[in-house]
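Single-structure report; data block below.
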Amino acid sequence: MDKDLLIFIVDDDPMQLMMLEDHLSKFKHFKIKTFATGEECLAKINEKPDIIVLDFNLDSVDRNAREGLDILKEIKEINDDIDVVMLSGQDKMEVAVNTMKYGAFDYVVKNESAFVRVENAIYNIIKKNHVEGEANRYKKMMYAFALLFVASTIIVIFAVYLGWMKGGGTDVVL
Amino acid sequence: MESTLVDLTFLENFTGGDKAKMAKYINMFLQYAPNQIGIIEQKLEEKDWDSLRVAAHSLKPQVTYMGIKSQEEVIKSIEHNSADGVNLEELPTLISSFKEGVNKAITELKEHLVALS
C-alpha cells in the first residue's frame, strides 16, 4: 500500500463503534476517524476519506438523525469515488439490495463475523482500486502510444511532401 | 469462573485475551443494556412500536458480543414483532423474560469483571 487509507466509521452504537475502531486500528496503514451520526461524518467529508463504514440505522440515540441510506446517497452525490461499506443489524436481502443500488460496495450484517467481514471488504476495495489504477495507467499509456503514432505518421507524410515539393513535385519514390 | 448464561469466547478471541479490553467492553455493556431495556419498557407502555423496534435493534448485536446466547432469539423476536406489528400481545412477556435473562447475565458479567481485574 503506497499511502495510508483514511477510513471513517459511522455508528450510533458506541460499543460497535469502539470495537470496529479497535479492530481496524490494528492495521498500520489505516487511519481511523469515528462519528456517531451521519451528519457529523458529512461535515468532515472535505477530509476526503477513502472508505466509509456506515451503519444503516443511525437513529437509535437521536430519533431525528438521518438514516444510513440517506447519508449514503449524499456521500455518493458529493464524491462517487468514496467507497462505502454498509453495516446493519438486519439480515434482510431487500436492505442489502437497496444499499448496493445506491452505490455501496458491500453490506455487512452486525454479528460476530462482522469485524472480519468489514476488514475483508476494505481489502477488496483496495484490490479493486489497484486494478482500476492499473487499467487507467494502461489506458493512458495506450493513448500516449496512439498519439505518438499519429504524430510520427503526420511528420513522415509532411517530410515526404516537403521532399516532393523540393523535387519539383515529381519523381518521388517512397 | 463457571458461566451459565454468558459465553465470553467471542470477546476473548476478539481482544486476543487482552483483559483490559475485555473489561472495557463489558463495562460498556453494563452501562448501556439496563438503559436500553428501560427504553424498551417505556416504549412498550407508550405502545410506540417503532421506537421499541429501534431500541431492541440497537441492543441486539451487543447481546451477541457478550455471548448471552439464551437471549439472542428473544431480542430478535421483540424487534421482529414490533417492526411488523405482529403478535404484539406477546411483547410484555418477551420483554419481561429478556430483562430477567439479561439481568442474570449482568450479574455473571460483573463476576467476570472481578476475575479480569
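Bear in mind these aren't lab numbers, they're just calculated from the coordinates by the rules spelled out. Model, not experiment: these values are computed from the prediction. Every residue, glycine among them, receives a Cβ derived from its backbone with ideal geometry; neighbour counts consider all protein chains shown.
Here is how the numbers come out for the structure above:
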{"read-out": "Whole-Hz ³J(HN,Hα) from phi, Karplus 6.51 cos²θ - 1.76 cosθ + 1.60, for the range A:62-70, glycine and proline x", "value": "10, 5, 8, 5, 6, 6, x, 5, 5"}
{"read-out": "Mean Cα-pair separation over length for chain A, i.e. relative contact order, pairs under 8 Å, 6 or more apart, %", "value": "15 percent"}
{"read-out": "Shielding of A:14-27 by partner chains, average beta-carbon count, 10 Å", "value": "3"}
{"read-out": "Per-residue average of Cβ from other chains inside 10 Å of B:59-65", "value": "6"}
